[in-house]
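Working notes, structure below.
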Amino acid sequence: MIQKVIVLGGGSAGFLAAIGLKTHIPNLEVKLLRSPSIGIIGVGEGSQPDLLNHLHGFLGINPAWFHQKVQPTYKLGVNFLWGPRDAFYYSFSNAMQSNVQGLSRPTGYYAFEDMSAIDHTTALMAAGKCFSQQTKGVPDLRNWSAYHVENEAFAKALEEVASQRGVIIQDCEVAESVRSDQGIGELILDDGQKVTADLFVDCSGFRSELLGKTLEEPFVSYEDSLFCDRAIAGGWKRAEKEPVKPYTTAETYSAGWSWKIDHDKSVNRGYVYSSSFISDEEAEAEFRKKNPRIEETRLLSFPSGRYRNSWVGNVVALGNSAGFVEPLEATALFTICNCSRILVGSLLDNALEPTPSTKRLYNALSTKLWDEIRDFLAIHYRYNTRLDTPFWEHCRKNTALHGAEPIVEYYKENGPTSAFELMLLSRETSIFRLDGFYAILLGQKVAHERNKTPDSKEARIWKRHQTKCRKIAQSGMTTEEGLSIIRSPQWQWTDGFYKT
């Protein structure tokens, strides 16, 4: 029976894992080992809507307290400067599969030429507004929006929660991890102390100290689909009247793409690129030319892929220790939260005695999660026609679609229909669902054989729908306006607003 857990790593993955275990299995002894010499990667970070439900539902972290401590901004989706359009907006509102009264097909069939006001959310994004406005001038807050957070403030807040929940936090250096028949037998610290546990949760980042290094679990590369392996991160202090955008911006660059994340007092920017097509010095020069306000930068290197299994013996890896893909769709926190919940559920269902079949199914779910992210990102590269540089020509010719191949084939023949969604993607476990795949394909103007040319009646209905969405958006609230209310002591959070 598992009674003692060691979490190795003091970043967001480690604290999220530790808080989840201690919150839902309070009798566990949970100790987090953190290296003082390894700092937090202090970059802005985007997320998926799952993060809010995880933090404030599953973990029960008070949202009012969180907003005061972390000061997150809200993210409705991604503004893509990508493909043949000037821009398109990918929202979290499942816009492609919604229905408008009087129209014979879902909205995705009518959006091929104009994606700027498919629904209220895309209209808000296009207008630079973050919240629809309810009566009495308060923001209409939805639990399917996401956060932008500054990583350092986020990690500090999680550390405070972990400590309050009873997680033991120890600053130390691990000198050696010793294998055993169960997986890891003990950790030897640099002062000679030996640490044992029934379960080790590896959150050591790219180093993957336990799963990758000690247990030598094979790494499955995604290099045939995702060619980027470097990132330059930087930013600048926000000007007084510089608006806080309610989305992440993803902009095509010559050998990759650039993110832009808006925070209250700063703007975070980065360039993700392939070192096979541009040198670090050339990438830095391109990055600074496009962003002259950039201050200091840092260079990050990363592999794209996952370990064959993330639960091996008495070791479970979460976050970058289990796998990594570039932050094009802000999936890092999603994988941590999702796998953390599955781990907690697995231990509870097995009365803290996990069986071999439980571990096999956990690994199967983890694999499915990572592979779907790879497949989703692949269509961003395969069909981006914005630039004709060597990198993008290579992507269009050589990006392997893997599991996205049947989705693209189905879309090209049938358009953005969800008739066989359960066959193409599992609704229960899919992150993006068909709606997400369709939004990226339509955004890049990938043609399909069922392109809908509405008759005069449907054309009027569609135009009226878009006009209504734009009108609601124009009367909406900016990020600053909405946050000034949400962060105030007068704002009342509704119990059960976030899913548990």
Given a 1.4 Å probe, the accessible area of the stretch 66-186 per residue, as a whole number of Å², is 40
With every protein chain in place, the stretch 290-367: carbon and sulfur % of accessible area (1.4 Å): 54
Dipole size in debye (nearest 20) for the stretch 379-500 around its Cα centre, Lys and Arg Cβ +1, Asp and Glu Cβ -1? 520
Hey, got a sec? Which GluC sites (Glu not before Pro) in the stretch 124-179 land in a DSSP loop and have at most 15 other Cβ atoms within 10 Å? GLU173
Contact order normalised by residue count of the stretch 344-408, Cα under 8 Å, 6+ apart, percent: 28
Suppose every Lys and Arg Cβ carries +1 and every Asp and Glu Cβ carries -1, with no other charges. What dipole size does the stretch 200-310 come out with about its Cα centre, to the nearest 20 debye? 480
Placed amide H near ILE118: partners under 5 Å, 5+ positions off or other chain: ALA123
Give me a comma-separated list of calculated 3J(HN,Hα) values for the stretch 134-141, in order, Karplus coefficients 6.51, -1.76, 1.60 applied at θ = phi - 60°, integers in Hz, x for any Gly or Pro. 7, 4, 6, x, 10, x, 8, 8
So what are the three principal axis dimensions of the stretch 46-161 from its Cα atoms, in whole Å, longest to shortest? 51, 34, 26
Among beta bridges that DSSP assigns inside the chain, antiparallel share in %, nearest 5: 70
Quick one: 3J(HN,Hα) in Hz for the stretch 99-111, Karplus 6.51/-1.76/1.60 with θ = phi - 60°, rounded, Gly and Pro as x. 10, 10, 4, x, 9, 7, 10, x, 4, x, 6, 9, 9
Under 13 Å from the 7 Å Cα→Cβ point of ARG238, by amide nitrogen: which residues of the stretch 258-278? 261-268
Theoretical ellipticity at 222 nm over the chain - DSSP helices of four or more residues, -39500 (n - 2.57) apiece, nearest 500: -10000 deg cm²/dmol
With only Lys, Arg, Asp and Glu charged, each at its Cβ (+1 for the first two, -1 for the last two), find how big the charge dipole of the chain is about the Cα centre; round to the nearest 20 debye. 1820
Of all accessible heavy-atom area on the stretch 101-158, the percent that carbon and sulfur account for (1.4 Å): 44
For the stretch 78-162, with the dipole built from +1 on Lys and Arg beta-carbon atoms and -1 on Asp and Glu ones, taken about the Cα centre, which of SER104, THR121, PHE80 lies farthest toward the positive end? SER104
Using a ≥ b ≥ c from the Cα gyration tensor of the stretch 254-404 (square roots of the eigenvalues), is it rounded, prolate or oblate, where a/c under 1.5 gives rounded and otherwise the larger of a/b and b/c decides, a/b for prolate? prolate
Neighbours of VAL100 by Cβ distance under 12 Å: Lys/Arg at +1, Asp/Glu at -1, summed charge +3
With every protein chain kept in place and a 1.4 Å probe, the stretch 373-500 has an accessible area per residue in Å² of 52
Pairs of alpha-carbon atoms within less than 8 angstrom and 6+ residues apart define the contacts here; what relative contact order does the chain have, in percent? 25
Step through the residues of the stretch 212-218 one at a time and calculate ³J(HN,Hα) from phi using the Karplus curve (6.51 cos²θ - 1.76 cosθ + 1.60, θ = phi - 60°), rounding each to whole Hz and writing x for Gly and Pro. x, 6, 6, 7, 6, 5, x
Rounded to the nearest 10 degrees, the helix 12-24 long axis (Cα) sits at an angle to the longest Cα principal axis of the chain of 70
Apply the a/c threshold of 1.5 to the C-alpha gyration tensor of the stretch 45-98 and tell me whether it is rounded, prolate or oblate. prolate
Counting other C-beta atoms within 10 Å, and keeping those with at most 12, which DSSP coil GluC sites (Glu not before Pro) do you find in the stretch 358-452? GLU428, GLU449
Starting from the amide H of TYR253, placed 1.01 Å from N in the peptide plane, find each other amide H under 5 Å away whose residue is 5 or more places distant or on another chain. SER258
Need one word for the stretch 360-440: rounded, prolate or oblate. Basis is the Cα gyration tensor (sqrt eigenvalues a ≥ b ≥ c); a/c below 1.5 gives rounded, then a/b vs b/c decides. oblate
Amide H partners (placed H, <5 Å) of ARG179, local residues excluded: GLY185
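The values are calculated or read from the model by the stated rules, or taken from the named source; none is laboratory data. Since this is a predicted model, take the numbers as computed values, not measurements. No Cβ is skipped: glycine too gets one built from the backbone with ideal geometry, and neighbour counts run over all protein chains shown. SASA here: full protein model, heavy atoms, side chains in, ligands and nucleic acids out. Shrake-Rupley method; radii C 1.70, N 1.55, O 1.52, S 1.80 Å.
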